[in-house]
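Note sheet for the following structure.
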Amino acid sequence: APPEWDWRSKGAVTEVKDQSQAMVSIPLHLPVPKLLDCDKVDKACMGGLPSNAYSAIKTLGGLETEDDYSYHGHLQACSFSAEKAKVYINDSVELTKNEQKLAAWLAKKGPISVAINAFGMQFYRHGISHPLRPLCSPWLIDHAVLLVGYGNRSAVPFWAIKNSWGTDWGEEGYYYLYRGSGACGVNTMASSAVVN
Amino acid sequence: APPRRVAGAQAWEPAPPELLGPARFALEMYNRGRAAGMRAALGAVRGRVRRAGRGSLYSLKVTLEEPPCNDPTVCQLPVSKKTLLCSFEVLDELGKHMLLRRDCGPVDTKITDDKSESFTSVFPLLNKSQTQDFSVKMASIFKHFVTTYNRTYETKEEAQWRMSIFASNMVRAQKIQALDRGTAQYGVTKFSDLTEEEFRTIYLNPLLKEEPGVKMRRAKSVGDS
């Protein structure tokens, strides 16, 4: 892996959303709301799984842009139009638990969907979070987010994590988590879409 | 919000035997996503029921016994056994239950009557003048929070209740700060007036690790042929 990488600087990450779990990283402003309305496997804001989201995108036939499928902050009737689909996915894959290999994968392929234990995030403001392991157990995963980059700040290695709680939380909507020790289970549920 | 008494509404009446069903439903919701050995058990139950039309609103105070947790890789805190005092509001509409409110905390830090939490109950070790000083400072920080995040509360009671949550959250943030080994700063955020339970319910998904999803194939590592 290169020593640092940030997909935001390459224009590959859409803006931070509020109260939605975006994993889409292609700069087309692709909609999460469509998934909320149209994914019948999961129950939108009642909770869902990344693997089911990939499956739903495949079944629906792709994703429309946010301009075509806008979000009004509440559950709408599904009105997906296959003709307006701008991107599609063919498959999804589960990634390694090795964080060095995850970094290499991220730099070469793109942002990575992960799920973490959100311990302390209610009060997180900025900096690199590194809670004690017993307080942030990798077994108690409760929040899905997106790894968009990694690097070091004053020799402290971090993952740059796109969250979905708006830009008025954390560092402009981003969370920085210690990299290399499986902090908060960041390496336990890594996955990505596959486009042929 | 704390339970509000609606002017002109039917009075609250005690109905102990009737409370068990809603209490068990609330327990089921509380234990949702937990493995068999990790589930809390129902302790004492008390509460009231208010009927209106075809529905009943149960306001419950319940003690829950958390099971002993010995595995440090699984336990969130190294506690042997914990009794929680929970406030639940359960709506029963034609036999269908819905959990409207859930607020749990260790018994020793919760008050047991219907009054709002005071600074004294949250910070029992402070003396009177310290409490007053702390209250003034906290009120000022809370006022700034309300302005910054454009918060509006329906009643004075609710504002007071939110301020007490805010104050105990500041203490929680300080504890998290003290235990963090990185460079992160914790403190006031837009979620500072939410209880831990509210925050979990609204913003987190405890079932992420529990529910079996679609099985995905393993990706080859970058560099593998």
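Throughout, read-outs are computed from the coordinates displayed, never taken from laboratory work. None of the values given here were measured: they were computed from a predicted structure. Please note: Cβ atoms are built from the backbone with ideal geometry, for glycine as well, and neighbour counts cover all protein chains shown.
In terms of the Cα gyration tensor, with a ≥ b ≥ c the square roots of its eigenvalues, is the stretch B:129-225 rounded because a/c is under 1.5, prolate because a/b exceeds b/c, or oblate? In terms of gyration-tensor shape, prolate. Summing charges over neighbours of A:Gly180, with a neighbour being any other residue whose Cβ is under 15 Å away from its Cβ, gives +4 when K and R count +1 and D and E count -1. Stretching A:Ala155 away from A:Lys109 to a fully extended chain increases their span by 14.1 nm, per 0.36 nm per residue minus the current alpha-carbon distance.
For the pair B:Arg172 and B:Thr147, label points projected 7 Å from Cα toward Cβ lie 2.6 nm apart. Averaged over the residues of A:139-146, the number of partner chain Cβ atoms lying within 10 Å of the residue Cβ comes to 5. Look at the stretch B:193-204: the mean tally of other chain Cβ atoms within 10 Å of its residues' Cβ atoms is 3.
Shielding value for A:49-56 is 4, the average number of Cβ atoms from other chains within 10 Å of each residue's Cβ.
Using a simple spin-label model with pseudo-atoms 7 Å out from Cα toward Cβ, B:Leu207 and B:Lys82 lie 2.3 nm apart.
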